[in-house]
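The values are calculated or read from the model by the stated rules, or taken from the named source; none is laboratory data. Keep in mind the model is a prediction, meaning the values are calculated, not measured. Glycine also receives a Cβ, built like all others from the backbone with ideal geometry; neighbour counts cover every protein chain displayed. Heads up: the accessible areas ignore ligands, DNA and RNA and are worked out on the full protein's heavy atoms, side chains in. Shrake-Rupley method; radii C 1.70, N 1.55, O 1.52, S 1.80 Å.
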Amino acid sequence: MRRLELTPRADWQAKADAIGFVYHHTDGQAYWDEAAAYAFTLAEVEGDLEPAAEELHELCLDLVDEAAGSEALMTRLAIPPEHQDFIAASWRAKAPSLYGRFDFGYDGVSKPKLYEYNADTPTSVFEAATFQWLWLEDLLASGALPAGTDQFNSLFEALRDRFRALFPTGGFVHFASDARAVEDRQTVRFFEDLARQAGLDPKFVAIDQIGVNAEGLFVDADNLVLQAAFKLYPWEFMLREPYAVHLKTAGVRWMEPAWKAILSNKGILPLLWERHPGHPNLLEAYFEDDPRASALGPRHVRKPLFSREGANIEVVGGEEPILDQGYGQEGAVLQAYHPPPDFAGKRPVIGAWIVGNQPAGIGVREDDSIITKNLARFVPHLIEA
C-alpha cells in the first residue's frame with residue numbers, strides 16, 4: 001500500500017456534475033481529491049481486505065442471531081424496550097439486507113483492524129461505485145496509468161444485481177431521505193437509478209413527508225402506501241420518532257431491515273471482542289462501565305454508541321479536538337488506540353463494502369486528523385498491475 005501523487009484531470013468537476021456527484025466540495029473544501037490515489041497490491045486486496053470484510057460480516061450476523069434472542073443484549077445496545085420484539089421479528093423473518101460498510105485501519109503491513117461498522121445508512125457509496133471507477137477508466141485511456149491497472153470495485157453491479165435478487169418480479173419501491181441534504185438526496189438518486197436498472201419502479205419521498213393514514217399505514221405525500229422502502233435515515237432515529245409506534249404493524253419491507261439496528265451501533269465492538277478475543281481484525285474494546293477497560297491503558301478511544309462522521313469521539317490521553325454534536329446520551333464504548341497510518345500527514349481509512357453477503361469493493365477517505373470527520377476527503381484507489 002502506498003500513496004501516489006497524481007495530476008488531476010482538468011475537467012473532473014464537470015464530469016462529476018454531469019453524473020450527479022455535485023457534492024464534490026463541502027463547505028468550500030474539496031471532498032473528492034484526485035491529486036492523490038492509494039495503490040494496493042492484489043495480495044493486499046485478496047489476502048487482507050476482502051477476507052477481513054467477509055469474515056467480519058459472518059461474525060456480525062452471528063452476533064445478531066444471539067442479540068435478537070436476548071433482551072439483555074438489546075438493552076445493552078440502547079434499543080428501546082418497546083421495539084425489541086419488532087427488531088427480533090425482522091431477524092427471525094430473514095428480512096434481507098442490501099449493503100453495509102466496514103471502516104478499517106490498514107497500512108498494508110498489519111491486518112486490517114475494524115474501527116466500526118456502518119451497517120445501516122453508509123454514505124460515500126455513490127462516489128465509490130461510480131466516480132472513482134470513471135476516474136480509473138479515464139487515466140487508463142489517457143495512458144496516465146499503465147495497462148492492467150485495476151480497482152477493487154464491483155459495487156455498482158453488485159448493488160444493481162442485489163436489487164434484482166430482492167425484487168425478482170420487479171415492483172414499486174419508495175426511496176426516502178432528507179430532501180434538503182444534498183449528499184443524502186444525490187445518494188438516494190443513485191439508488192433510485194440502480195433500482196430502475198433492476199426493473200423496479202422507484203419513487204422518492206422526503207423523510208419528513210411520510211405520514212400515517214387512518215389504518216396505521218405509512219403513506220407518502222400522495223397518500224400512496226409504503227410497502228417496500230429504502231431509507232437513508234438511521235434506525236436509532238426512527239425508533240425514537242413519534243411515529244415509531246406504527247413500525248411494528250405498518251408492514252413495510254424496509255431497506256435496511258430493522259435488525260440492522262443491532263449492528264449500526266458501536267456497542268457491537270466490545271461484544272465482538274468479548275466473543276472473539278484476539279481476533280486479528282478486531283481491536284480490544286469494552287463498554288465504558290466495564291472494569292476490564294483498564295487494560296486499554298491511559299491512551300484509548302472513547303466512542304458514543306451512536307455517532308456519525310467522527311462526532312463526539314475522543315482520544316483519551318491524546319490532544320485531538322472533540323467535534324461535539326451532542327452524541328453520547330445512550331452511553332459509550334472504549335476501544336484500543338490504533339491510529340490510521342500516516343502518509344506524510346494524511347490519514348486514510350479504508351471503507352470495505354458488503355453487498356448482500358459478499359465483499360464488493362473499497363473506498364478510501366483521508367483526513368489530516370486521526371479521527372475521520374465530515375470534511376475528510378475521498379481519494380480514489382487502484383490495484384497496481
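So here's what we get for this one:
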read-out	value
Taking the C-alpha atoms of the stretch 1-108, convex hull volume expressed per residue in Å³	189 Å³
Dipole magnitude of the stretch 142-287 about its Cα centre (Cβ charges: Lys, Arg +1; Asp, Glu -1), debye to nearest 20	200 debye
Relative contact order for the chain, counting Cα pairs under 8 Å that sit 6 or more residues apart, in percent	24 percent
Largest-first ordering by accessible area, 1.4 Å probe, given options Ile268, Ile322	Ile322, Ile268
Listed residue (Ala129, Gly361, Ile210) projecting farthest to the positive dipole end of the chain, Cβ model	Ile210
Compactness index (Cα Rg / 2.2 N^0.38 Å), the stretch 54-142	1.47
Bins of 5 Å, starting at 0 and running to the largest distance - Cα pair percent for the stretch 207-288	3, 13, 20, 19, 11, 9, 9, 8, 5, 3, 1
Whole-number D in µm²/s for the chain (Stokes-Einstein; Kirkwood sum over Cα pairs; 4 °C, 1.567 mPa s)	60 µm²/s
For the stretch 58-101 versus the stretch 227-280, the gap between their alpha-carbon centres in whole angstrom	7 Å
Check: the chain dipole with +1 on Lys, Arg Cβ and -1 on Asp, Glu Cβ, in debye	400 debye
Descending Cα extents along the principal axes, the stretch 318-374, whole Å	36, 35, 22
Loop-exposed GluC sites (Glu not before Pro) per DSSP, neighbour cap 12 Cβ within 10 angstrom, longest uninterrupted part of the chain	1-214
Per residue, the convex hull volume that the Cα atoms of the stretch 156-312 enclose (Å³)	162 Å³
Relative contact order [Cα under 8 Å, 6+ residues apart], the stretch 1-119, whole percent	21 percent
Cubic angstrom per residue, convex hull over Cα atoms of the stretch 250-362	160 Å³
Charge sum, other residues only, whose C-beta stays under 9 Å from Trp32's C-beta, Lys/Arg counted +1 and Asp/Glu -1	-2
Dipole magnitude of the stretch 1-138, debye to nearest 20 (Cβ charges: Lys/Arg +1, Asp/Glu -1, about Cα centre)	100 debye
Kirkwood Rh and Cα Rg combined as Rg/Rh, the stretch 291-338	0.96
